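The values are calculated or read from the model by the stated rules, or taken from the named source; none is laboratory data. Fair warning: this is a prediction, and the values are worked out from it, not measured in the lab. Cβ sites come from the backbone with ideal geometry, for glycine too, and all protein chains shown count toward neighbours. SASA here: full protein model, heavy atoms, side chains in, ligands and nucleic acids out. Shrake-Rupley method; radii C 1.70, N 1.55, O 1.52, S 1.80 Å.
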Amino acid sequence: MKVGGVENPVFEPPIPGLSSQRQAAPSAAGPDVVSAEEGPCGWGRFVPKALQLCNNAEGYLAAYSLLAIFQGIVVNGLINISISTIEKRYELNSSLTGLISSSYDIAFCILSLFVSFFGESGHKPRWLAFSAFMLGLGSLTFSLPHFTSGKYHYGTKIEDTCQIPGTSSANFTCSTSTRSSLSSYLYVFILGQLLLGIGGTPLYTLGTAFIDDSVPKNKSSIYIGIGYAMSLMGPAIGYILGGQLLNIYIDIQIPESAKMDRDDPRWLGAWWIAFLACFFAMWLLVIPFSCFPKHLPDTVEESSAYESNNSQCFRSFSCHWLCHVSTKVYRKSVWKDTKFFCNSWRTGTLHNLTAPCNANCKCLRAMYYPVCGRDEVQYFSPCFAGCASQLFNLEKTYHNCSCIGKPKVEIGSEDFLYEAVPGKCPPKCGLLPLFLATFFFAVVFTFMAVTPTTVAILRCVPDKQRTFALGVQSVFLRLLGTIPGPILFGAAIDNSCTLWDINECQTTGACWVYDNESMAYQLMGISAACKLITIIFVVIAVWLYKPPPASAALSEKSSGMVSTVHT
């Protein structure tokens, strides 16, 4: 390594007119083998002419993008937005659902090196067909508990208003011997995540390398960028689709005996529908991937003359790993915590749960059903607000609330026909537009680094080691990024909790109320630290790398150029 940096001729700009100087040269595997591997698109002897229109880099990119979108929908979208519903339905605590979330990355870490090493010399499109099959199987497995656990037993409605002493019928018996069998479905969800991890492994290693194999080097970053851009649409679609489906009752048809709507604490949404739809979609993608040949026709095979310098460039490439790992921690926090963080603002102060105004109401702390009083204060539930009655007109309203004071702004009595309404008080965050604008640019600049980093890795290692390098990179991302990232952010979120769910059996559950200011400082502090680490390693990588003189690069490139192989 030289003092000024590391040399690598691969990053030299293309020399005008150099392509016309290429001369035909047989491949190391022999022209007959290459011709056979660049065969038509089809299955054996069945090669429809219509399929040959897709037998090119653009056709492969379209199939790759669709698979990346559906993978993102399931792994980074649907699972995240459905996890709270799954917790309630199958009586799981947050630590167990955290294990479910980590199972994907665990499977990815275990198989990434194996798949990338043996898949490099294999039939990459068929590996992608295997990826689509396993992703579909994982989605199906993840939805199976809904079909095998029976109908959802919503239970009897617990009165949410203040009860007169002696009339409450809610009796609770704490027993450690009774345990619901629903929690055993934890292992089915873990299995589903493991299958999704197996399916996701070839996608961003072999799939990305095949794009780089199939297009000229000066266009590789464009194709990879398009593929990654499509993959980023997946989580957004997953959140939107999953959120809309949660408005549908979990068993589709609400039982006639159940008088409940989406505001009822017993309501659970149809989380499983989208998983089932993605299962069918991803299994359909097995068809196009299975018909692609090992190499696309007219594949441009670049020279490997620069391999002698790769040992020097590898020092810079390790820096690229660490840079990408710190970026991945931030990226993971974006998908995991953005929705929750933006929705966590609230107004007013939560009164002490037990106060003289509700001391005789026999309120259940296990039932969190927030209401907004006319005094612009948010209360834990109508019962803790001291509300003794409720009315159903166009919407539910609560009245005769002993704990709710006068409105902060005096309004005519005709405008205040209620004392509390269901839901949280409207947020009053004057700096929210500034936060969203800053957050938007932070996300944009974060994801701008993804494609250049991937292309840099592909150029810094020998051709035969590119997929293995991407596999090693993926392992580093999981071990130092996506696995500890949610744990770190989860600890920060738990640390900002001010009111935990503690039922009558003194069992602690999820957090009901957070200190939003504390949470904001902790989450943004962690994110800022990750970005600072990213900048440091990028600077180190740039300092270590130094292109060679133009004359040396031209000499090495000209000595090893091979022509496009035509069938």
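When only the heavy atoms of the protein chains count and the probe is 1.4 Å, how do Trp543, Trp267, Trp500 rank by accessible area, highest first?
Ranked list, largest accessible area first: Trp543, Trp500, Trp267.
Return one whole number: the accessible area per residue of segment 351-400 in Å², for a 1.4 Å probe.
Heavy-atom SASA per residue in segment 351-400 reads 47 Å².
Would you kindly find the accessible area of His123, with a 1.4 Å probe and non-protein molecules such as ligands, DNA and RNA excluded, rounding to the nearest 10 Å²?
Surface accessible to solvent at His123 totals approximately 40 Å².
Taking +1 at the Cβ of each Lys and Arg and -1 at the Cβ of each Asp and Glu, which of Ala274, Ile287, Ile250 sits farthest along the dipole of segment 241-287 towards its positive end, judged by Cα position relative to the Cα centre?
With unit charges placed on the Cβ atoms, the residue in question is Ile287.
How large is the accessible surface of Arg126 in square angstrom, using a 1.4 angstrom probe and rounding to the nearest 10?
The accessible area of Arg126 comes to roughly 150 Å².
Of the listed peptides 513-525, 209-221, what is their order by residue-averaged count of other C-beta atoms within 10 Å, with the highest listed first?
Listed from highest to lowest mean packing, they are 209-221, 513-525.
Of Lys88/Lys151; Lys151/Lys396; Lys88/Lys362, which pairs sit farther than 19 Å apart, going by alpha carbon to alpha carbon?
Where the Cα-Cα span goes over 19 Å, the pairs concerned are Lys151/Lys396; Lys88/Lys362.
Which links in Lys49/Lys219; Lys49/Lys217; Lys124/Lys464 stretch past 23 Å when you go from one Cα to the other?
Lys49/Lys219; Lys49/Lys217, as the Cα separations exceed 23 Å there.
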